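The values are calculated or read from the model by the stated rules, or taken from the named source; none is laboratory data. What you see is a predicted model, and the numbers here were worked out from it, not measured in a lab. Cβ coordinates were reconstructed from backbone atoms using ideal geometry, including for glycine residues, and neighbour counts include every protein chain displayed.
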Amino acid sequence: MTTSSVSKGCFVFKPASKKQRILSAGDYFHDEDEESASSKLRFETLQSLWQQIKLETDSIQEELNKNILDSLAEFARTSTTFFRSKTDEWTFRMRSSEIPTAALVLGVNVTDHNMTFQNLCELLHQSVTPYVVGLDAKDCPSLKHTLQKLLLHLMGYHLSVEEDEEETQPKANISGIPKKRIQCSIATLCEWYQTVTKDSNVLSPSKKRKSTLGKFGQNPPIVVIFKDLESFTSKVLQDFIIICSQYIHQLPFIFIFGIATSPATVHRMLPHSVSSLLCIELFQSLSCTKHLTTVMDKLILTTSFPFKLNGKALQVLLSIFLFHDFSVRNFIKGLQLSLMEHFYNQPLSVLCCDKHKASKRAQMLSSEECENVRQLPSFMRYVENQEPDEQVKLLTDDHHLKEVVQQLLKQLHLYHKNYYPVLRCLHVLTSSLPKYPLGKQIRELHSMCLERNVWETEEYKSAFQLLRLMAKDELLTAFTKCIEILTYAKGKVINEVQEKLETFVKLFQELDNISLDYKEDDGEDTSPQKGFQQKTDLFHLQKTLLEMKELKKNKKLNKFEMLRLEAIDFIDHIVKKHLLPPEYLALHEVVYYSCSGTLRKHLNAAPRTAIQTALNNPYKYLPNESLQSDGGAISSTAPDICIAYKLHLECGRLINLYDWLEAFATVVSATEGNDTESPVIDDVKHARFIRAVSELEFVGFVKPTKKKTDHVARLTWGGC
Amino acid sequence: MEVRSERASPRKRHLENGSKKSHASEGEEANEKETLPSRCPVTARRVLEVRFVGDENVIDHIFDKGEGLPLNKTAVNEFHPEEQLNEELGSCAYDEREYLSALGTGAAASEMAELARTPSRNVRFSDPHSSEELGSPPKVRPLLAYVVGSSDCGESVVEERFTDLDFADDAVIFAESMEALIWVLERLSEESECLGLFGFSIVLYGLGSKRALLESFRNSMLTNMVHLVINGFFPSITIKSILSAITGDVLDYEGSFRNPLDQTSFILEALKKDPALHIFLIIHNIDGPMLRGEKTQQILAQLAAAPNLHVIASIDHINAPLAWDQSKMSLFNWLWYETTTYQPYVEETSYENSLLVQQSGALALSSLTHVMRSLTPNARGIFQLLAEFQLQNKDNPSYTDQPMNPHPKATSGPQKTANITSSSSPQDPTSS
């Protein structure tokens, strides 16, 4: 069956056999040169890992949103009680027409908001009111639609947009209103609300509502959530608010505005006359960078997930987050993609699981997989460093290899176990330094450590210089924090480090007791400083400064300074020992995903650049010598569309088709070796030109214009 | 036989005349250019020639019919010198044969698709001589061959004869690189299959038609799956037709819907109920003029967000990504694949929205194709005679266009339509 037709644009294909093969993504994990068992295993690992990640992120999200959601629910509750309080109260009358409104500032990462709203709806549903309506701007192009959507949600009716449409029939009859045509108006809603609330007191056929309503008291509020306030038309919003405020006595409305930019939007969208009808309270949700930090903490800087990203891949994901969308969801999507790519492309990813499983699986490696192991660059490096006997054994004996692989995997695991606590300690120590030489966030430090030997960088050196000048109080607090971190982590090495740090802290504290000696020591130092303050002329200043320098050089370090130096050197030593980049470890390819280019290509593509490069420089895609153009020359062997494109770049806003054709023919006939001055525009060239132009139009570079006959308009800027 | 050769010879004569005449007319043209400030007649001519190009179907048809014709020796003799010329021109800096063999390996799958689609075409290609013997006028033949050869570029190996011509067309030159490209793209599609099942949608971008690629992907990977192919470039596609195809043909639901939104929610509901059902949407040009609208994209995005509905789309327009805002992007969950194929946009530009066809709203070109197909051989002959007559007199100012089309559809059209018919018909060699 063909898929091109002049009368149809949509073709359906159904498999011939009725029984559709139930497909699982695992089927696609086969490689010809591999046993299906291991690929299946790989796929299962992938799935379980992904499930784990998903659960983790969900719980993180929930936790982070808990505060704000609780406060919102509280807000809704108090507003309701306010509504229920005595009507003759003076304050109530004052504010009678005001609708309690929560302005929820969520940040620009719109894609993450849905989750928040879902949670919010659930929470409100459970604890405050059964009547929660979420409105999307895309469903509410007009007031009519908005009301329809609102009523639809609340009353469970199927309403038509046209009020006077005859066929409008209520689908269900839940709330006890007799079957009749429903008008989309707040009055209808009012009527309905009264019935429902009355029903909740008296026994009525509405069984479902009754039980739920009992929980929420007599007059549960109607919560309307405007999910994306910025996208609403301000006219619709204004009208809606004015109408609702008219009914506030009968209908206890509560509004929640989801705001992506800033609270000032409310005032920009609503004139004073309308916004004065609202009683707005501001809620600020957690910033997305904090969210990301938590996610990184739980998913990446942990040993509980065997899968890791290497420095570049992580950098790609982070830069997409920071420079493009601030969306944690997209970050996790990127993580998911890298996970999938890793398990799909790396046959040895079967070993990418927790320690015990990994060693079990290592024992069951097939001979082919053993061969794969031998071909890993990191393993080859490992082999090269072994004794010749061992080398032969590793390269020939599968059994021996498996044992070594197990050992190496264990080493890798140990490395991670030590890496993260040490990384955190280093971050604690350096995150408060002036100018943040090693980054403010732990993720910066992490990606630095992943890429190279961190202690060789300039930033590291300057950070440690600063650390060596740190005051005792700061140092002590940092050390105690480090100890705290290390106590959470278990392991022999880490415990040793922790003990050592504890002794340092103890020594520092002991210094406190003999600090009196210090002050005496300091007394000597202050005398030249006093003199320096008295004399102000330049010569003396220089002199005293030089003297002070001499003094400093010669001066013996006091006890505190010695201890500080020792402690910092110890930290330096730990860092050098444990924060090696993973590339140095054998078998790191098993757990580290390194194709940063793939990630960038698939997540952060530049379609327009691709098209323009293809047109401008076909050599990039079609490496043929004749296409290598120098400068602005147009190669005559280039694809027609490229020639036409380059010629059109030389034109202004309007392009004369005939001139274009002639230029095209000239360029093209250069190929054919025609030396004639004026090229003959034959049918073939004509056809080729026409096709090139219509393709350019299809791609969006030119369009037909009616301004001038025989001209097309250019749609892009620049060129010549 | 005799009759035919007799008929062929006058045409030859006519063609010779035509070629002479064309020289003359070029002179005239130059004169006109000088005398008349506006280039109207020139444009008209160009339009005449243009109309024909994209219309592959006409040519298909021509060849279908032409196969049955017996050998015409005079014609062969006549073509001989030209072939030599072609060979001379063809032996430029590149080796096309190499390219073609490479293409053959690269595009085996798509060739299969081609065979399945139109078996008759296969016959045509496997015997290029038969089409040579058609007696198509030599002036026209390169053009024809050009169109045919390049339109199926990458689909068939056997058509060597046609691509062996003198045009330095597109990617035809670059053997290895194209092979590599196609190989990479095929690898990609294998992988993308697995990704699609994980809730990602796939979008292909880059210069060149991605139709053949997606078709071969469809044929190799999706034969066992329920899938829809949507031609976004089709000028009268609507979101409603897409949704109805899903509800009607896939979900077997007969009822009607009030609006697309209802329909969408129905589909989503049905998909939720039956998680074992996987539907694949292949959308050629999701940025097509009819699908560009915000609402349409919103609906497609909502569909794509369903866990068991997978979207594989292609985009070509440079501003296509502007159709999606952040929320739509996250619904679609795109994975981008660069697939620069340099394949000509044959199918995509063959519809009326092309630059050089009058924007009349009616499907002039494609309806013409249908009319031509439905004619009996005799009627077609008459049709062609009329068209030729029309063409001969196209530069004659005293000659006014007579309503001479045999089919009411064409005659009812404006004068432009008549021109179109006349321009394409002389290539029709099947006046038996």
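Output the number of the condition that B:G248 fails; it satisfies all remaining conditions of (1) under 26 Å from the mean Cα position of the chain (by Cα); (2) farther than 27 Å from A:N114 by Cβ; (3) part of a helix (DSSP H, G or I); (4) not basic (K, R).
(1)
Quick check: anything in the range A:561-577 among the aliphatic types (A, V, I, L, M), farther than 30 Å from A:I641 by Cα and surrounded by fewer than 17 Cβ atoms within 10 Å (Cβ to Cβ)?
Yes, that holds for at least one residue.
Criterion first (under 28 Å from B:S216 (Cα atoms), modelled with pLDDT of 80 or more and within 14 Å of chain A (Cβ to nearest Cβ)) does B:Y345 satisfy it?
Working: under 28 Å from B:S216 (Cα atoms): yes; modelled with pLDDT of 80 or more: yes; within 14 Å of chain A (Cβ to nearest Cβ): yes.
Here the answer is yes, as B:Y345 does meet what is asked.
Within the range B:293-345, can you find the residues that are closer than 30 Å to A:F689 by Cα, in contact (Cβ under 8 Å) with a residue 60 or more places away in the chain and among the hydrophobic types (A, V, I, L, M, F, W, C)?
Within the range B:293-345, B:A313, B:I315, B:A320 qualify.
Consider A:L412 against the criteria (1) of a type in the set (A, V, I, L, M); (2) closer than 30 Å to A:N495 by Cα; (3) without any contact (Cβ under 8 Å) to a residue 24 or more places away in the chain: it satisfies all of them except one. Which criterion is unmet?
Answer for A:L412: the failing condition is (3).
Taking A:R381, is it within 30 Å of A:E444 (Cβ to Cβ) and among the charged types (D, E, K, R)?
Here the answer is yes, as A:R381 does meet what is asked.
Can you find a residue in the range A:687-696 that is outside any loop (DSSP other than H, G, I, E, B) and at pLDDT below 80?
Here is the first cut: in the range A:687-696, the ones outside any loop (DSSP other than H, G, I, E, B) are A:687-696.
Imposing the further condition that a residue be at pLDDT below 80 reduces the set to none.
There is no residue in the range A:687-696 that is outside any loop (DSSP other than H, G, I, E, B) and at pLDDT below 80.
Any residue at all in the range A:320-328 that's under 30 Å from A:C244 (Cβ atoms), free of Cβ contacts under 8 Å to residues at least 24 places away in the same chain and assigned to a helix (DSSP H, G or I)? Before the answer, list the steps.
Just the residues of the range A:320-328 that are under 30 Å from A:C244 (Cβ atoms), to begin with: none.
Checked the range A:320-328: no residue is under 30 Å from A:C244 (Cβ atoms), free of Cβ contacts under 8 Å to residues at least 24 places away in the same chain and assigned to a helix (DSSP H, G or I).
How many residues are at pLDDT 85 or above, in a helix (DSSP H, G or I) and of a type outside the set (A, V, I, L, M) when one looks only at the range B:291-329?
Counting residues in the range B:291-329 that are at pLDDT 85 or above, in a helix (DSSP H, G or I) and of a type outside the set (A, V, I, L, M) gives 8.
If I filter the range A:335-343 for residues that are under 25 Å from B:F200 (Cα atoms), part of a helix (DSSP H, G or I), at pLDDT 90 or above and hydroxyl-bearing (S, T, Y), do I get at least one hit?
no
If you take the residues in the range A:170-199 that are charged (D, E, K, R) and modelled with pLDDT under 55, which one is surrounded by the most Cβ atoms within 10 Å (Cβ to Cβ)?
Ranking the qualifying residues of the range A:170-199, first place goes to A:R181.
Restricting to the range A:266-321, give me the number of residues that are more than 23 Å from A:N453 (Cα to Cα) and within 21 Å of the chain's Cα centre (by Cα). Walk me through it before giving the result.
Taking the range A:266-321 as the starting set, the residues that turn out to be more than 23 Å from A:N453 (Cα to Cα) are A:266-295, A:298-299, A:304-305, A:320-321.
Subset that is within 21 Å of the chain's Cα centre (by Cα): A:284-295, A:298-299, A:304-305, A:320-321.
Of the residues in that region, 18 qualify.
Determine, yes or no, whether A:L603 is more than 14 Å from every other protein chain (Cβ to nearest Cβ) and either surrounded by fewer than 22 Cβ atoms within 10 Å (Cβ to Cβ) or not hydrophobic (A, V, I, L, M, F, W, C) (or both). Reasoning before the result, please.
Values: more than 14 Å from every other protein chain (Cβ to nearest Cβ): no; either surrounded by fewer than 22 Cβ atoms within 10 Å (Cβ to Cβ) or not hydrophobic (A, V, I, L, M, F, W, C) (or both): yes.
Taking the combined requirement at face value, the residue does not satisfy it.
Inside the range B:189-228, can you point out the residues that are modelled with pLDDT of 75 or more, farther than 18 Å from A:K14 by Cβ and at the interface with chain A (Cβ under 7 Å from one of its Cβ atoms)?
B:Y205, B:G206, B:L207
Select, from A:L322, A:L292, A:L278, A:L299, the only residue that is among the aliphatic types (A, V, I, L, M) and under 19 Å from A:H416 (Cβ atoms). Show your work before the answer.
Details: A:L322 fails: under 19 Å from A:H416 (Cβ atoms); A:L292 fails: under 19 Å from A:H416 (Cβ atoms); A:L278 fails: under 19 Å from A:H416 (Cβ atoms).
Every option except A:L299 fails the conditions.
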